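The values are calculated or read from the model by the stated rules, or taken from the named source; none is laboratory data. As the structure is a prediction and not an experimental result, all values here were calculated from the model. Note that each Cβ is placed from the backbone with ideal geometry, even for glycine, and that neighbours are counted across all protein chains shown. Accessible surface areas use protein heavy atoms only, side chains included; no ligands, DNA or RNA. Shrake-Rupley method; radii C 1.70, N 1.55, O 1.52, S 1.80 Å.
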Amino acid sequence: MKKAKYQLDKDLKFLEKQALFPCIYVYPLVNLFIGMITCKSDENVSVRKVKTPGYNGQKLTTLIIEPRNSAGSDDKLPCIVFYHGGGILLKAVQSHYQFAKWYAAKAKCKVVMPDYRLMPKYRFPVATMDCYKTYEWVLDSADMLEIDKDKIIMTGDSAGATLVGEVFFMLKDNKLTLPIGTLMVYPALDKRVNTQSMRKFVDTPVLNSRTSKMFWDEYLKGAVPEKKEYASPLEAQSFDQFPRTYIEVAEFDSLHDDGVLLADRLREEKIPVEFHEVKGSCHGYEVALGSRIVKDALDRRIRWIQAVLEEH
């Protein structure tokens with residue numbers, strides 16, 4: 001038997017032959033099936049859908065996930081604004097919903113998760129602005145939501161982390177209340193796609209450098225961002241005011257060095273950063289919800305979230 005090129009953890013072996021489609025026009029059909037997956041209340045959290053403002057006056061469906069028995073409490077809860085990954089092509093999947101529910105239950109936060117609009121119908125800046133408008137709505141609706149707007153953390157995986165970075169710089173430039181932390185999982189942060197890991201990982205499971213470049217090219221097709229960092233966060237000249245940050249990257253991933261370079265930039269500017277490389281993993285390892293890798297990652301993230309909240 002031929003030995004696999006990338007030695008994935010045993011719990012991730014099922015991902016060895018998985019790959020994202022190299023054509024964006026397949027994804028609307030894929031999303032018809034993904035859209036059947038729902039995020040449901042359970043014994044630990046309640047889940048409800050609300051309509052929130054999106055870009056150009058459109059309405060988005062947004063999930064509010066909160067720990068049980070939190071409604072009507074005298075104390076306002078912290079909030080996590082969660083932008084799901086999927087290359088600005090895929091809707092949220094079960095692992096996104098599960099992590100959002102874990103964050104709500106274990107960190108005692110309300111989680112706000114918008115169903116932002118996707119390619120190929122909607123390219124830059126639609127998804128970015130949908131996510132910016134969601135954050136703006138959270139600030140404006142803090143009393144109604146019973147959240148503390150001075151205790152907001154933004155999180156996202158892959159393209160969700162792209163959106164985290166983009167939204168931060170827009171919030172900063174518009175002088176709105178900034179998050180106290182960002183949590184990014186295998187982040188996609190640089191449209192130049194010229195890192196060492198991009199050159200090295202041309203055939204990794206799930207995501208490789210060729211599909212990474214395809215996503216960036218399609219996402220920014222014809223777009224001229226007002227500022228580079230509004231589309232490609234690592235191109236920011238400065239990370240001044242960027243909050244304490246948690247970064248997690250996969251060992252075998254074309255996006256590996258995006259996370260490394262962000263951590264380096266933050267350290268250079270004296271911004272607290274916690275960085276983890278998940279050994280034996282590839283892009284998308286969060287889908288292995290029952291794995292040791294996911295359990296360990298969740299434990300680390302919850303500790304980090306709690307530490308950030310305790311500081312404030």
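Contact annotation: residue pairs with Cβ atoms under 6 Å, 6 or more positions apart or on different chains, pairing a residue in the stretch 293-312 that is farther than 28 Å from D9 by Cα with a partner that is open to solvent by less than 10 Å² (accessible area, probe 1.4 Å), are V308/G181. The combined condition, being of a type in the set (S, T, N, Q), in a helix (DSSP H, G or I) and surrounded by fewer than 20 Cβ atoms within 10 Å (Cβ to Cβ), is fulfilled by N56.
Just need a number here: residues in the stretch 270-299 that are in contact with an Asp or Glu (Cβ under 7 Å, 6 or more places away or on another chain) and more than 14 Å from V249 (Cβ to Cβ). Selection size over the stretch 270-299: 4.
Among the residues of the stretch 17-39, none is identified as in contact with a Ser or Thr (Cβ under 9 Å, 6 or more places away or on another chain) and of a type in the set (D, E, K, R).
Scanning the stretch 87-107 for any residue that is farther than 20 Å from C39 by Cα, open to solvent by 10 Å² or more (accessible area, probe 1.4 Å) and touching a Gly at 6+ places or on another chain (Cβ under 9 Å) turns up nothing. Residues that are part of a strand (DSSP E or B) and either of a type in the set (V, I, T) or out of contact with any Asp or Glu (no Cβ under 9 Å at 6 or more places or on another chain) (or both) within the stretch 20-48 comprise V45, V47, listed in sequence order. In this structure, Y116 does not satisfy being of a type in the set (S, T, Y), modelled with pLDDT of 95 or more, surrounded by fewer than 22 Cβ atoms within 10 Å (Cβ to Cβ) and closer than 25 Å to L29 by Cα. Taken together, A250, A223 contain a single residue that is at pLDDT below 95 and open to solvent by less than 40 Å² (accessible area, probe 1.4 Å), which is A223. Can we say A263 is within 17 Å of A188 (Cβ to Cβ), outside any helix (DSSP H, G or I) and of a type in the set (A, V, I, L, M)? Spelling it out, it is not the case that A263 is within 17 Å of A188 (Cβ to Cβ), outside any helix (DSSP H, G or I) and of a type in the set (A, V, I, L, M). Within the stretch 160-173, the set of residues being of a type in the set (A, V, I, L, M) and either open to solvent by 10 Å² or more (accessible area, probe 1.4 Å) or touching a strand residue (DSSP E or B) at 6+ places or on another chain (Cβ under 8 Å) (or both) comprises A161, L163, V164, V167, M170.
I need the full set of residues from the stretch 260-312 which are more than 20 Å from T204 (Cβ to Cβ) and of a type in the set (D, E), in order please. Residues satisfying the conditions are D264, E268, E269, E274, D296, D299, E310, E311. Do we have any residue at all in the stretch 189-196 that's buried (at least 24 other Cβ atoms within 10 Å of the Cβ), in a loop (DSSP other than H, G, I, E, B) and out of contact with any His (no Cβ under 7 Å at 6 or more places or on another chain)? Yes, the stretch 189-196 has at least one match.
Tallying residues that are within 21 Å of S212 (Cβ to Cβ), open to solvent by less than 50 Å² (accessible area, probe 1.4 Å) and part of a helix (DSSP H, G or I) within the stretch 270-307 yields 2. Within the stretch 1-19, being part of a helix (DSSP H, G or I) and open to solvent by 90 Å² or more (accessible area, probe 1.4 Å) holds for K10, F14.
Only one of the numbered conditions (1) touching a residue at least 40 places away in the same chain (Cβ under 8 Å); (2) within 30 Å of H312 (Cα to Cα); (3) β-branched (V, I, T) is not met by V50, and that is (1). The residues of the stretch 122-149 that are assigned to a strand (DSSP E or B) and either in contact with a Pro (Cβ under 9 Å, 6 or more places away or on another chain) or buried (at least 24 other Cβ atoms within 10 Å of the Cβ) (or both), listed by number, are I147, D148. In the set (1) farther than 27 Å from P22 by Cβ; (2) of a type outside the set (K, R); (3) part of a helix (DSSP H, G or I), the condition left unmet by T182 is number (3).
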